[in-house]
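Asker: Okay, here's the structure, questions in a sec.
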Amino acid sequence: MLTVEQSEAYARADFEAPHQRLIDLFGETFPDFDGQGTVVDLGCGPGDIALRFARRYPDVRIDAVDGSQPMIDASALILAKYGGAADRIRFLCDLLPSFAASPRAPYDVIISNSLLHHLHDSFTLWNSLPKLSRPGTRVFIKDLMRPTTPVEAQRLKERYVAGEPEVLQHDFYHSLFAAFTVEEVRADLDAAGLQTLTVEAISDRHLLVYGVMV
């Protein structure tokens, strides 16, 4: 997502329902979270999820990280919606694994939405989690889930993004094929020594990795 066209299309798109659902799902997954501490949002895009998280939990401070400077710049298109919540977010252009050496680590919460399928090697993410966390850090990673056939991918495209700009439809369709299955993610987590994390399908196109680091 390195072009201004892609970045601004994502910033202007209507993700109200899925992004708010993600914040609600975090609260359901971790009902004991006291809303304190530091959070990192990996692959934050234009920042809508980080901003929603900051509004939901007014005592957290968030590092919102993305490898695309145009995506970071596009955050200006949505910052005004969230008022003072934006003051508790630091937007950073950086990549894994280099960001895993962040001086602000360890974080109390690690969240990520739709980063995994952009990575050439999934272990870039999985091997970074221990470096960014401490025992007790909550992990909440949502991503696309690869469909079994091109026909299914086309059906998902027509059902969920038919009304979006062509660049978003194109990206969604091809992202589905770059995504992982639940079984693949489970095998990767086990290989990375992250057996305490759970992975499960949460919709016809999304999977969720969640749990507490030990």
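Asker: Restricting attention to the range 190-211, report how many residues are more than 17 Å from the chain's Cα centre (by Cα) and either part of a loop (DSSP other than H, G, I, E, B) or not charged (D, E, K, R) (or both). Walk me through it before giving the result.
Answerer: At the first step, the residues of the range 190-211 found to be more than 17 Å from the chain's Cα centre (by Cα) are 190-196, 204.
Next, from what is left, pick out any that are either part of a loop (DSSP other than H, G, I, E, B) or not charged (D, E, K, R) (or both): 191-196, 204.
Of the residues in the range 190-211, 7 are more than 17 Å from the chain's Cα centre (by Cα) and either part of a loop (DSSP other than H, G, I, E, B) or not charged (D, E, K, R) (or both).
Asker: Among all residue pairs at least 6 apart or on different chains, which show Cβ distances below 7 Å where the first residue, located in the range 182-203, is surrounded by fewer than 13 Cβ atoms within 10 Å (Cβ to Cβ) and the second is among the small types (Gly, Ala, Ser)?
Answerer: Close Cβ pairs (under 7 Å, with a partner that is among the small types (Gly, Ala, Ser)) amount to Thr196/Gly211.
Asker: Looking at the range 117-144, which of the residues that are of a type in the set (A, V, I, L, M) and not in a strand (DSSP E or B) is farthest from the chain's Cα centre (by Cα)? Before the answer, list the steps.
Answerer: Taking the range 117-144 first, the residues of a type in the set (A, V, I, L, M) are 119, 125, 129, 132, 139, 141, 144.
Cutting the leftovers down to not in a strand (DSSP E or B) gives us 119, 125, 129, 132.
On the way: Leu119: 12, Leu125: 11, Leu129: 13, Leu132: 15 Å.
Among them, the one singled out is Leu132.
Asker: Sort through Gly163, Gly136 and tell me the only one that's free of Cβ contacts under 8 Å to residues at least 40 places away in the same chain and among the small types (Gly, Ala, Ser). Can you show your working first?
Answerer: Details: Gly136 fails: free of Cβ contacts under 8 Å to residues at least 40 places away in the same chain.
Answer to the selection: Gly163.
Asker: Separate question: Across the range 100-116, what is the total count of residues that are at pLDDT below 95 and either assigned to a helix (DSSP H, G or I) or over 22 Å from Arg146 (Cα atoms) (or both)?
Answerer: Going through the range 100-116 one residue at a time, the tally reaches 6.
Asker: Need the failing condition index for Val139 against (1) closer than 24 Å to Ile23 by Cα; (2) modelled with pLDDT under 95; (3) not charged (D, E, K, R), just the number.
Answerer: Val139 satisfies every listed condition except (2).
Asker: Next question. Among what's in the range 165-181 and is touching a Lys or Arg at 6+ places or on another chain (Cβ under 7 Å) and in a loop (DSSP other than H, G, I, E, B), pick the residue that is surrounded by the most Cβ atoms within 10 Å (Cβ to Cβ).
Answerer: Taking the range 165-181 first, the residues touching a Lys or Arg at 6+ places or on another chain (Cβ under 7 Å) are 169, 172-173, 176-177, 179-181.
From the residues that got through so far, the ones that are in a loop (DSSP other than H, G, I, E, B) too are 179, 181.
Working: Ala179: 22, Thr181: 15.
Looking at the filtered set, the residue picked out is Ala179.
The values are calculated or read from the model by the stated rules, or taken from the named source; none is laboratory data. Owing to the predicted nature of the structure, the values given are computational and were not obtained by experimental measurement. Note that we place each Cβ from the backbone using ideal geometry, even for glycine, and neighbour counts take in every protein chain shown.
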